[in-house]
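A short worksheet on the structure shown next.
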Amino acid sequence: MTAPSTAAAPGLRARLQGRSELGVAALLAVIAIVIAIDTANIRDTAINAGVMGPRVVPTIIAIGLGLCAIALAISVLRGGHAEAEDGEDIDLTQKAHWPTVFGLGGLILVFALSMDFLGFVIGSALLFCGSALLLGSRRFVWALVIGILLAVGTFYGFVLGLGINLPAGLLTGIL
């Protein structure tokens with residue numbers, strides 16, 4: 001008795017080599033399917049009944065995403081691929097600097113966990129400052145000042161401009 005042939009696997013792997021855009025096409029297809037399923041579950045009520053109804057725009061978006069996924073997959077399978085921009089300033093031969101990646105992820109996690117206690121302004125300012133330092137800034141005070149200005153501006157933009165309350169945390173009563 002002979003073992004089953006696995007010749008198809010190396011051939012498939014060789015054909016898919018360098019076609020990472022297929023992953024983007026698959027992601028677009030998954031998003032289109034999720035939107036289509038969610039759209040199908042929207043119930044018509046007297047409140048949302050109108051000329052078009054609540055399903056029209058999500059259906060158009062799902063169809064558009066599905067068509068984009070199909071077009072991208074066909075293009076990639078026919079040999080098309082994305083070209084790097086002329087102004088691209090990253091060196092693709094270099095590996096990722098994992099301490100920076102994990103540091104940024106850790107900062108975001110700490111920001112999310114401490115939002116209620118510290119508040120949006122303090123947490124956002126520290127997130128901006130820490131991110132700037134992790135990405136190579138040497139000016140701690142300048143990064144902190146910019147972070148504070150951005151955080152306060154964003155806070156008041158949401159609270160006064162949009163009417164969305166953000167947690168004030170330690171600055172409750174001051175902001």
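Observations on the model:
- Contact map, the range 149-168: first residue over 22 Å from residue 113 (Cα atoms) and part of a loop (DSSP other than H, G, I, E, B), second residue open to solvent by 50 Å² or more (accessible area, probe 1.4 Å) and of a type in the set (Lys, Arg), Cβ cut-off under 9 Å, separation 6 or more or different chains; the map is empty.
- All positions within the range 14-49 that are acidic (Asp, Glu) and at pLDDT 90 or above: 38
- Check on residue 71, modelled with pLDDT under 70 and assigned by TED's automatic domain parsing to the domain that holds residue 28: no
- The listed residue being under 30 Å from residue 35 (Cα atoms), open to solvent by 40 Å² or more (accessible area, probe 1.4 Å) and under 23 Å from the mean Cα position of the chain (by Cα), out of 104, 166, 133: 166
The values are calculated or read from the model by the stated rules, or taken from the named source; none is laboratory data. Not measured: the values here are computed from a predicted model. For neighbour counting, all protein chains shown are included, and Cβ atoms are generated from backbone atoms with ideal geometry for every residue, glycine included. Keep in mind that these areas ignore ligands, DNA and RNA; they rest on the heavy atoms of the full protein, side chains included. Shrake-Rupley method; radii C 1.70, N 1.55, O 1.52, S 1.80 Å.
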